[in-house]
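What follows is a short report on a single structure.
The values are calculated or read from the model by the stated rules, or taken from the named source; none is laboratory data. Model, not experiment: these values are computed from the prediction. Because the Cβ atoms are built from the backbone with ideal geometry, glycine has one as well, and the counts that use them run over all protein chains shown.
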């Protein structure tokens with residue numbers, strides 16, 4: 001697969017240029033590009049620059065708004081209900097996590113629930129935001145119905161996501177998962193790389209397992225992770241993010257926004273910040289000890305020591321650091337070349353063209 | 001497999017008699033038997049009367065105390081840190097969830113973290129406790145290290161549990177899951193019923209998959225549900241319940257308490273109660289609509305409509321209602337006959353002996 005390198009700075013320049021063209025004010029650019037680039041930097045490519053096209057389309061069609069600010073509808077000392085006003089997802093997400101942290105400073109815990117949100121991108125981003133201030137962060141968001149319950153053939157739940165992060169002195173753990181075997185972005189990425197997918201990720205239109213990304217994307221029927229456990233977790237997330245927030249949920253969410261037809265997706269999210277110091281004095285030291293206990297377990301293959309949650313992503317960051325650039329498939333670059341032409345902005349510039357050693361990033 | 005019926009009332013009488021013999025005061029009996037019998041009634045047999053033996057042993061050895069009360073160490077308006085004082089798990093669990101509900105009444109959310117807890121039994125019990133007062137309940141507890149991370153051969157995490165419940169007008173959802181493929185109680189139950197287990201539940205001592213419950217129980221190496229996702233979820237639960245609470249975590253927890261040798265297991269738990277009315281006015285109606293959307297999905301087999309989280313357990317309750325008694329394997333009854341003799345209490349009385357149609361309960 002042909003891959004080309006793009007400097008992080010140029011990727012950011014390109015994202016900003018595109019967003020400016022659809023009207024996003026300068027003050028809001030960085031907040032959006034931060035989340036997009038963090039995803040690619042961590043190797044979670046499905047929700048990185050791959051999602052820019054969708055954001056541009058929804059901003060252009062005003063399903064997603066750049067001229068509004070999220071607003072608190074009601075609040076207690078520890079909880080808040082936010083109206084995201086269909087603002088850009090990253091803005092709603094940051095607003096809610098910052099609010100959760102502020103509440104956690106006073107009450108030990110901050111629990112913020114938003115309706116009328118949009119796609120928030122990398123969920124881990126918001127957990128890191130809480131961790132940067134010494135808090136534990138937990139993030140949930142619902143999504144368009146793309147996942148089938150075990151024993152069914154129609155999608156009634158999203159591949160809803162859950163991120164959880166906690167920081168020690170030397171180590172951290174970062175769980176960032178979809179409740180499906182794999183989120184749709186990973187399938188889009190496989191298609192872009194012209195690769196097959198494992199046949200336990202998704203069904204085709206006939207309800208049979210498929211290893212073709214194109215058939216999986218057409219059918220929009222992902223398998224839940226761990227069968228009924230992934231399904232039940234997805235239901236839990238949708239109850240909290242959708243049913244409880246006043247947002248859309250289940251099949252009320254337009255399927256992959258192709259059906260939007262004049263409506264915003266109206267997604268929901270939950271952000272939780274916890275101050276561990278309320279409960280234990282040496283949380284960071286204890287977390288390091290916890291990580292040490294996990295990593296000292298005996299691996300089946302000596303060359304593959306156990307990985308802490310989030311370690312694969314950390315390794316990908318080192319890989320990008322080594323490359324000094326982001327490796328994007330040429331198919332993606334061609335797609336964004338067309339978009340650049342359409343928006344009259346300078347396309348993504350190739351740092352230098354090369355065949356990169358194929359690396360398992362996900 | 002020979003199964004006999006025991007009336008619920010007699011099962012309760014037996015539990016109370018045994019607990020009295022090891023010193024548990026009358027006022028605390030009901031609270032313990034409620035949780036035990038709720039598990040058997042719901043078909044979660046591994047954590048039902050099957051666990052009584054362990055409770056009796058730990059109470060007898062004073063690893064688990066009946067003469068203490070859980071105590072609040074510190075609190076805010078929305079959060080509390082509780083010292084379970086190694087009291088009986090059900091008492092700590094009820095105390096913490098009731099406290100979480102009280103806090104949620106004032107702050108919209110109540111978040112209670114306990115150390116020095118013991119085995120709490122059916123996690124769903126505590127979520128139902130919150131639901132009975134109109135709240136959403138979320139329960140987490142850590143456990144002895146019995147689960148291997150993907151690619152490893154030693155157990156460093158427990159089959160930590162997560163329960164989540166929310167109630168509509170007509171329907172409810174109740175997710176109650178272990179982060180392992182199956183919790184150890186289910187394997188004990190299979191052994192009691194002289195059944196094989198699927199080979200994706202656990203390893204044997206050599207690190208290979210096994211379908212023999214005896215080998216699985218000896219090795220104490222369960223597989224995580226959904227591979228790395230179950231492992232990461234288990235780590236998240238241990239960070240919150242163990243690392244953050246000041247309780248034991250990971251390999252600090254004695255392995256299946258055989259290693260206790262003078263120590264209490266010092267488990268941790270988290271109870272979260274949420275008042276949905278803080279966020280949306282018609283939560284119950286919306287939850288019913290959510291459930292309706294899930295159940296209306298097209299099943300692969302018309303005779304097997306999709307089940308909401310918790311529906312299998314509801315069906316088991318109807319089954320027990322039909323029987324008018326709890327079906328226990330004769331091997332279990334023999335074990336408790338010996339314990340009854342030892343404690344000089346009347347054994348479990350058989351309602352009438354019969355071969356019960358084998359039913360998939362789990």
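Below is a table of values for the structure above.
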item	result
Test: residue B:92 is buried (at least 23 other Cβ atoms within 10 Å of the Cβ) and in a strand (DSSP E or B)	no
Test for residue B:345: is it modelled with pLDDT under 95, in contact with a helix residue (DSSP H, G or I) (Cβ under 7 Å, 6 or more places away or on another chain) and either assigned by TED's automatic domain parsing to the domain that holds residue B:4 or more than 30 Å from residue A:207 (Cα to Cα) (or both)	no
Any chance residue A:59 is touching a strand residue (DSSP E or B) at 6+ places or on another chain (Cβ under 9 Å) and part of a helix (DSSP H, G or I)	yes
Restricting region A:95-111 to residues that are facing chain B (nearest Cβ under 10 Å), touching a strand residue (DSSP E or B) at 6+ places or on another chain (Cβ under 8 Å) and in a helix (DSSP H, G or I), the residue that is surrounded by the fewest Cβ atoms within 10 Å (Cβ to Cβ)	A:107
Flag if residue A:185 is over 14 Å from the mean Cα position of the chain (by Cα) and surrounded by fewer than 24 Cβ atoms within 10 Å (Cβ to Cβ)	no
Every residue from region B:272-314 that is in contact with a helix residue (DSSP H, G or I) (Cβ under 9 Å, 6 or more places away or on another chain) and facing another protein chain (nearest Cβ under 7 Å)	B:276, B:278, B:280, B:283, B:286, B:287, B:290, B:293, B:294, B:297, B:306, B:309
Among the residues listed as B:229, B:193, the single one being in contact with a strand residue (DSSP E or B) (Cβ under 7 Å, 6 or more places away or on another chain) and outside the structural domain of residue B:290 (by TED's automatic domain parsing)	B:193
Single residue of region B:164-177 satisfying the filter (facing another protein chain (nearest Cβ under 10 Å) and part of a strand (DSSP E or B)) that is farthest from residue B:42 (Cα to Cα)	B:166
Selection within region A:205-229 - surrounded by fewer than 17 Cβ atoms within 10 Å (Cβ to Cβ), under 15 Å from residue A:154 (Cβ atoms) and within 14 Å of another protein chain (Cβ to nearest Cβ)	A:205, A:206, A:207, A:208
Qualifying residue in region B:236-253 (condition: modelled with pLDDT under 95, in contact with a helix residue (DSSP H, G or I) (Cβ under 7 Å, 6 or more places away or on another chain) and more than 8 Å from chain A (Cβ to nearest Cβ))	no
Of the criteria (1) surrounded by fewer than 18 Cβ atoms within 10 Å (Cβ to Cβ); (2) modelled with pLDDT under 95; (3) touching a helix residue (DSSP H, G or I) at 6+ places or on another chain (Cβ under 9 Å), which one residue A:58 fails	(1)
Region B:66-84, residues that are more than 10 Å from chain A (Cβ to nearest Cβ), buried (at least 17 other Cβ atoms within 10 Å of the Cβ) and farther than 15 Å from residue B:120 by Cβ	B:66, B:83
Selected residue (criterion: surrounded by the most Cβ atoms within 10 Å (Cβ to Cβ)) from residues of region A:129-151 that are part of a helix (DSSP H, G or I) and in contact with a helix residue (DSSP H, G or I) (Cβ under 8 Å, 6 or more places away or on another chain)	A:130
Qualifying position, being over 27 Å from residue A:268 (Cβ atoms) and assigned by TED's automatic domain parsing to the domain that holds residue B:148, among B:294, B:274, B:253	B:253
Selection within region B:120-163 - within 10 Å of chain A (Cβ to nearest Cβ) and either at positive phi or free of Cβ contacts under 8 Å to residues at least 40 places away in the same chain (or both)	B:151, B:152
Single match in A:35, A:77 (criterion: assigned by TED's automatic domain parsing to the domain that holds residue A:95, in contact with a helix residue (DSSP H, G or I) (Cβ under 9 Å, 6 or more places away or on another chain) and either under 30 Å from residue B:275 (Cβ atoms) or assigned to a helix (DSSP H, G or I) (or both))	A:77
Among residues of region B:187-204, those that are part of a loop (DSSP other than H, G, I, E, B) and within 13 Å of chain A (Cβ to nearest Cβ), counted	3
Single residue of A:87, A:39, A:114 found to be touching a strand residue (DSSP E or B) at 6+ places or on another chain (Cβ under 6 Å), modelled with pLDDT of 95 or more and away from every other protein chain (no Cβ under 14 Å)	A:87
